[in-house]
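Engineer: First the structure, then my questions, so here it is.
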Amino acid sequence: MSEIKPAIPELTALALATRPGWTETAVTGAILAAKTAGWSWPRTLTRMARLAADPDAEPQQMLDELRDPLKRAAGTPPETVHERVAGLRAQLPQRSTEERPMPRLGPDHLVDEVAVFRAASGEPVPLTRRERAEAARVIIAAGGTPWEIAKRLRTSGTRANQLYEAITGEPFRYRSKHATRVYLMPLEAAA
């Protein structure tokens, strides 16, 4: 099987021979714009050939299609498109009445990991409840205390204690005020 090679000058010559009223600049511009937009050569070739075969088409329609890919193909009446869509819908499997739709997840069920790590490092980031718990888990994993949780997540001491107890399963034991303070190393160094 031979390799498919782009032949822009030949396609331009074919389009101009088929449609003498078109300008070389318009045809070449449309082909190069399709190439720049990432169209494959077979797609560009067939689209330009279809435009050349359509008596009402212009090379500009290829550029319009590049700008708006959902735009209906030139020469296809809307009735035909609607009939095709109706036929495709009829081929879809029908949903059983006993099937339950998937539960919709609210914003509290999604976790933005980047926001979690930014918050755990002390940046002021808006967090959901679940993200706040994940950020507290990251701080605790790095050896953090409820005081660190409260400071980095900008929450109250009571809430920080609740998060600590929920994650570790035991209340935090405060040391005496004469104990040596342990500082957390930055998250980048821990990774």
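Engineer: List the pairs whose first member sits in the stretch 144-168 and is assigned by TED's automatic domain parsing to the domain that holds S121, whose second member is charged (D, E, K, R) and surrounded by 16 or more Cβ atoms within 10 Å (Cβ to Cβ), and whose Cβ atoms are under 9 Å apart, counting only residues at least 6 apart or on separate chains?
Structural biologist: G144/R152; L153/R132; T155/R132; R159/R132; A160/E148; L163/R132; L163/R137; I167/R137
Engineer: Quick one: is G21 more than 28 Å from the chain's Cα centre (by Cα) and either among the hydroxyl-bearing types (S, T, Y) or not in a helix (DSSP H, G or I) (or both)?
Structural biologist: yes
The rows are residues; the columns are (1) at pLDDT below 85; (2) surrounded by 14 or more Cβ atoms within 10 Å (Cβ to Cβ); (3) touching a helix residue (DSSP H, G or I) at 6+ places or on another chain (Cβ under 7 Å).
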{"residue": "P20", "(1), (2), (3)": "no, no, no"}
{"residue": "E24", "(1), (2), (3)": "no, no, yes"}
{"residue": "W39", "(1), (2), (3)": "yes, yes, no"}
{"residue": "R43", "(1), (2), (3)": "no, no, no"}
{"residue": "R47", "(1), (2), (3)": "no, yes, yes"}
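The values are calculated or read from the model by the stated rules, or taken from the named source; none is laboratory data. Given the structure is predicted, the values throughout are model-derived calculations rather than measurements. Methodologically, a virtual Cβ is constructed for each residue, glycine included, from the backbone with ideal geometry; neighbour enumeration extends over all protein chains shown.
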